[in-house]
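Have a look at the structure below, then the notes.
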Amino acid sequence: MDKQDDKPILTDNGKMVLQFMQDNQDITSWKSKDIADRLFISSRTVSGAFRKLVSDGFVEKIGKDPVIYVLTEKGKMFNIIEN
């Protein structure tokens, strides 16, 4: 009964993080904490959103300490409003 097609492409938190990154493309790389501070949400919430954004190909994870995230072409071009 629970079909994959019924699931939204992005979670609400994923939409918020992706929209923020799209709106701030002058900054090319982000840490979870930086986005969390700017959106007034927890870095754990942002990290969770990033996990799905990375696995879905919207964001790329680079580096380890600290972990840095960058938008992929898919992430830059994705129309959040229509999805």
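The values are calculated or read from the model by the stated rules, or taken from the named source; none is laboratory data. None of these values were measured; they are calculated from a predicted model. Virtual Cβ from ideal backbone geometry, glycine too; neighbours counted across all protein chains shown. These area figures cover heavy atoms from the full protein model, side chains too; ligands, DNA and RNA do not enter into them. Shrake-Rupley method; radii C 1.70, N 1.55, O 1.52, S 1.80 Å.
Couple of notes before you dig in:
- Against the numbered list (1) within 14 Å of Leu18 (Cα to Cα); (2) exposed (fewer than 14 other Cβ atoms within 10 Å of the Cβ); (3) in contact with a Phe, Trp or Tyr (Cβ under 8 Å, 6 or more places away or on another chain), Val59 comes up short only at (2).
- Scanning segment 28-48 for residues that are under 14 Å from Val59 (Cα atoms) and not in a helix (DSSP H, G or I), we see that the one that is most open to solvent (accessible area, probe 1.4 Å) is Thr28.
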